[in-house]
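This report concerns only the one structure given below.
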Amino acid sequence: MSDTPASPLSSIGFRWLMLYRICTLFSYQMVAVTVGWHVYELTRDPWSLGLIGLAEVIPFFCVAPFSGYLVDLLPRRKLGAAACGLLALNAVALALFASGHLPLHGLWPIYLAIAIGGIGRSFLGPVHNALFARVLKRDQFVRGASIGSIVFQTGLVLGPALGGVLVGAAGKSTAYALAAGFALAAATALLAMPVTEPAQLQQRGPVFASIAEGLRFVFSHQLLLAALALDMFAVLLGGAISLAPAFIKDVLHAGPEALGILRGAPAVGSVAVAIWLSRRPLQAGAGRILLFAVAGFGLCMIGFGLSTVLWLSVLFLLLSGVCDGVSVVVRSTILQLSTPDEMRGRVSSVNSIFISSSNELGAFYSGSMARLLGLVPAVVLGGFATMGVAAVTAWRAPRLRSLDLRELQ
């Protein structure tokens, strides 16, 4: 009898979970690429692109600790469906504003809608990670994380590309409206998922004490903390993709279709490496490979910042996606294997604060640095800083350097 675990795709619940994930990614990424073009079209100011990230991260950061608490406390599918409904509401509001059907002016309605979307998005990661452990067996987690990364990165490829094409061919309102449709499809997939929810606790601890328990778990777990911190600072300092609309218009001199290609290029690389890792999962040397991948990500950002040719910029972003794909798979596997089931929501919310909020903070940082230094210097400096983060983490986290994922299974 073979000891090889069954494929995660043999689980019906896992397939529904992946459908939920890719639909939420389509919705969010289509809004992200469309709103970036929308705002830059109105302002021609890179800093305004940074403010998009800030408008989302502030409510996200405030709500994320409570979203993890609620995911551990309430039915996870219903909570996730409600969050998807909030994403749909956000996209519909943006569509009405872009079409002129709302009698509002200026940028504040856009930033307000983004803030509402940030609240909804704070629930998506904790819901996904909590349900992941309910639809798969423990020996399927490594392959499940790789397949999840394929789905995740596919959404990052097709979402921006579809958004860019729709903005160019049918207008911003159409792109926003389709994003709302994907959010509703995600809610439907979640509610249709066959999965057993954990038993509801009869004794509920105080909210802040429960949240603090999740924080203590993460900060006392050296390996998990190092992986999360490494990814957070890499995304924060090397998040040049938020400046893509400015690069398209001012450096590469292309249109919204090229913006979709540029935004989707990193995900193409990530999908390729995730497919490889789903067939040949990382085990021995996973920590060292993670550190080299983050350093390579920073090097790719330097190349992107210096490029003035569209195909070369796409190539550097594609290679950055290869590096990021390795990071996503290793970090996701560490998170799933290290977290007790009763704490998955809270730990996942801490992961969201580390990772997801760093995307928006990175967008604000990149926009601010671009205003101070210019587009190219800001991106190049961020790439060097990312390489520095990888070097410091390798020095300060010896357990991550020697990580073998088999030790966690």
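Laboratory data are not the source of any read-out in this text; all were calculated from the coordinates shown. Just so you know, these numbers come straight off a predicted model, no measurement behind them. As a convention, Cβ positions derive from the backbone with ideal geometry for all residues, glycine included, and neighbour counts pool all protein chains shown.
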According to a simple spin-label model (label point 7 Å from Cα along Cα-to-Cβ), what is the distance in nm between Arg371 and Ala209?
-> 4.4 nm
How high is the FRET efficiency from Val392 to Arg279, r the C-beta distance, R0 22 Å, rounded to 0.05?
-> 0.10
Find how much the distance from Leu89 to Ile58 grows on full extension, using 0.36 nm per residue of separation minus their present alpha carbon separation; answer in nm with one decimal.
-> 9.3 nm
Sketch the reach of a paramagnetic label on Ala82 as a point 7 Å from Cα along Cα-to-Cβ, and name the residues of region 127-142 whose backbone nitrogen lies under 19 Å away.
-> 127-131
Would you be so kind as to identify all helices of the chain, as entire DSSP H runs, whose Cα atoms reach 18 Å or more along the helix's own axis and whose mean Kyte-Doolittle hydropathy is at least 0.5?
-> 12-43, 46-73, 76-98, 108-135, 141-169, 172-192, 207-220, 222-238, 256-279, 286-306, 310-338, 375-396
Taking the chain and counting helices only, DSSP H stretches of n ≥ 4 at -39,500 (n - 2.57) each over all residues, the nearest-500 ellipticity at 222 nm comes to -28000 deg cm²/dmol
Where the centroid of each part is defined by its Cα atoms, how far is region 65-89 from region 299-354 in Å?
-> 24 Å
Take the Cα atoms of region 261-322, find their three principal axes, and give me the spread along each one in whole Å, biggest first.
-> 39, 20, 12
Checking region 83-175 for trypsin sites (Lys or Arg not before Pro) in a loop per DSSP with at most 15 other beta-carbon atoms within 10 Å yields Lys137
Estimated FRET transfer efficiency (Leu42, Leu306; beta-carbon r; R0 45 Å; 0.05) = 0.95
For Kirkwood radius over Cα pairs in Å, calculated from these coordinates, the label among (i) 21.1; (ii) 23.1; (iii) 22.3 = (i)
With springs only between Cα atoms under 10 Å apart, run a GNM on the chain and tell me which of His38, His128, His253 wobbles the most.
-> His253
Relative contact order computed over region 298-381 (Cα-Cα under 8 Å; 6+ residues apart), in percent = 42 percent
Using a/c under 1.5 as the rounded threshold, could you call region 88-149 rounded, prolate or oblate? The axes a ≥ b ≥ c are square roots of the C-alpha gyration tensor eigenvalues, and prolate needs a/b larger than b/c, oblate otherwise.
-> prolate
Figure the gain on full extension for Phe292 and Lys137 (residue separation times 0.36 nm, minus the Cα-Cα span) and round it to one decimal in nm.
-> 52.8 nm
